[in-house]
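One structure is given below, encoded as structure tokens.
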Amino acid sequence: MPNSSGCALNLADIQGFILRGYHTPFVRHYILRIENGAAAKQLLGGLATADDEFMHITDARPWLNGKPDYCLNVGLTHTGLSRLMNTNDIEFPGRNIADQRDAFKEGAVAAAPWVGDTGQSAPEYWWDELGTDKIHVVFSLYSTDLAVRAKKSEILQQAFSENNAFSVTKIHDGASFPGDLIHFDYKDGIAQPQIEDAPGLPHPDCQPQVQSWQFILQQVDMSGHFPENPHCTYQLNTETQKALLLNGSFAAFRVMQQDVVGFEQYLDQHKDIIDPELLAAKLCGRWRDGSPLVLDPDHKINVAPNDINNFDYYKADPHGDRCPVGSHIRRSNPRNQPIRGSAGGDGRGTRNHRIIRRGMPYGPQYVPGSGDDGIERGLMVMFICADLANQYEFILKDWVQQGDFASGGPAGKDPLIGTVDGHEGGVFETTDKNGEPTVLKDLPQFVRTRGCAYLFLPSLKGLKHIAEADLPG
Ligand code: HEM
């Protein structure tokens, strides 16, 4: 069925993880460097051919024979793509024309000061290779079990080394926890944008659908149906741009360390003011089992699975009495509440800034109360969108790291993931155990960034175009 831009989504051409969560228990990210451009191109082209007998890139078509035992997707950094296309001058659409930045080209390190990657989260503390131009390509291998991962990993690594196509800079493994929990013991993976014409999501919600061009690069004139943001425009003018970009997307591959001990300690230290489970819920906007505060403020209602994401803020909780305006989910997607520059009610001001999240924890599951074992734990996420500046960076810069994004407040930054500057703690406006307003002023920084890389996620045809480009590698 055609979408509002008049074209149907070509699911066979779009990388699968853009439009669907695979819900596999394991992921392995390969951080690669191109050594031999011609061999690298050959491998990318081979993997884009669906009937390839050894492995292939997973597309977004429905699984007619059930879930496959592995899924494979790939992203290229600007350096990697330039290397393969043999030019430094790849012009990308999707940049925010207002500030004339090409976020993809400038990369995650350049964006660090305004997305909150400062202090302990600054690039100088990132894992070695992340944020450097040593990264060219990231493959993500999802698997249903460890044996499959080992087998497919062997095949892939063999392919990487064939004709010295790629060297493996780092491998990062992630694994899911039972019940879709992540560190800090929250259930994750509930809220995702409902994308026009894309296959349905497990948790329906009452927000307006997001037009598919916000996630998939398409041949449309944005100004025609995007009056809220006339600065954002995509124009795929040349044949090369079309071949390379159509049906592609972008992602920020972000690694975030979580201070699991500090988080539990903080909840416990404030138990006289607010029950630890309630405080955990207020910080996030959902109880740790995923039930939303807006629908279930006292954790007494059994919210039906279908309704777990079916709520709004404007009518149900305009002042944040249930779900604090400054909580993590209310900042990262304010839904239909009034925000700076929008009156609220219809969600129009926020729907231009949505992102898809595909993440999994790294490090073993922490047992609360077991003390500091010195093992690093965190979350590795692909934040996927068509415009890194206007979606991914905007959310961090304008909503997560700023207090005044919503009319009338709130103070401080995102209490779960915001950066805490200097010696003073973060500020969080919430209610105490008696329902009275209280302001916590001693929030430590629970999450620190360990690295980020901006990736282009080509379509299957785009990968073949890269492979076939008759240019010296
Ligand atoms: C370690 C870091 C993080 C943790 C522990 C975390 C945790 C969570 C949790 C527990 C939820 C609720 C589950 C759900 O609605 O699916 C959530 C939702 C969400 N998070 Fe995060 N998050 C982290 C980082 C980020 C970052 C960096 C961003 C933005 C770039 C972000 C954006 C979102 C969005 C957009 C939602 C969905 C909100 C909604 O639509 O209601 N998160 N996160």
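What follows draws every value from the coordinates through simple rules; no lab data is involved. Not measured: the values here are computed from a predicted model. For neighbour counting, all protein chains shown are included, and Cβ atoms are generated from backbone atoms with ideal geometry for every residue, glycine included.
Determine the sum of side-chain charges near residue 216: Lys and Arg each +1, Asp and Glu each -1, restricted to other residues whose C-beta is under 12 angstrom from that of residue 216. Net charge in that neighbourhood comes out at -4. Backbone geometry of region 313-324 corresponds, through the Karplus equation with coefficients 6.51, -1.76 and 1.60 at θ = phi - 60°, to 3J(HN,Hα) couplings of 9, 4, 8, 7, 7, x, 9, x, 5, 8, 10, x Hz, x marking Gly and Pro. At R0 = 41 Å, how high is the FRET efficiency between residue 164 and residue 110 if r is their beta carbon distance? Nearest 0.05 is fine. Using R0 = 41 Å, I get an efficiency of 0.85. For residue 157 and residue 376, a Förster radius of 25 Å and the Cβ-Cβ distance give a FRET efficiency of 0.55, rounded to the nearest 0.05. A straight chain from residue 343 to residue 421 at 0.36 nm per residue would run longer than the Cα-Cα distance by 25.0 nm. Annotation: the residues 319, 183, 203, sorted from fewest to most other C-beta atoms within 10 Å of their own C-beta, follow the order 319, 203, 183. Net charge of the neighbourhood of residue 246, taken over other residues with C-beta under 10 Å away and scored Lys/Arg +1, Asp/Glu -1, is +1. Across region 260-265, rounded Karplus estimates of 3J(HN,Hα) from the backbone phi angles (6.51 cos²θ - 1.76 cosθ + 1.60, θ = phi - 60°) give 5, 5, x, 5, 5, 4 Hz, Gly and Pro being marked x. Full extension of the chain between residue 321 and residue 289 gives 9.5 nm of extra length, using 0.36 nm per residue less the Cα-Cα distance. Net length available on complete extension from residue 265 to residue 23 is 84.0 nm, with 0.36 nm assigned per residue and the Cα-Cα distance removed. Which net charge results when you count Lys and Arg as +1 and Asp and Glu as -1 among the other residues whose beta-carbon is under 12 Å from that of residue 420? Once positives and negatives cancel, what remains is -2. Ranked for footprinting exposure by Cβ neighbours inside 10 Å, fewest first, 161, 121 give 161, 121. Each Cα pair under 8 Å and six or more residues apart adds its separation to the average, and for the chain the resulting relative contact order is 25 percent.
The phi torsions of region 146-155, fed into the Karplus equation with coefficients 6.51, -1.76 and 1.60 and a -60° offset, translate into couplings of 5, 5, 4, 4, 4, 5, 5, 5, 4, 4 Hz, rounded to whole numbers, with Gly and Pro shown as x.
Counting every other Cβ atom within 10 Å of each residue's Cβ, 105, 67 order from fewest to most as 67, 105. Summarising the amide proton neighbourhood of residue 342: residues at separation of 5 or more, or on other chains, whose placed amide H is nearer than 5 Å comprise an empty set. Here the label points at residue 35 and residue 86, each 7 Å from Cα along the C-beta direction, are separated by 2.2 nm in the simple model. Between the amide H of residue 426 and those of 443, distances stay under 5 Å, these residues lying 5 or more places away or on another chain, with hydrogens modeled in the peptide plane. Take the Cβ atoms of residue 146 and residue 442, set R0 to 45 Å, and the FRET efficiency comes out at 0.60. Residues whose amide H comes within less than 5 Å of that of residue 195, counting only those at least five positions distant or on another chain, are 210 (H built at 1.01 Å from N in the peptide plane). Pairs of C-alpha atoms in region 364-473 farther apart than 20 Å represent 63 percent of all such pairs.
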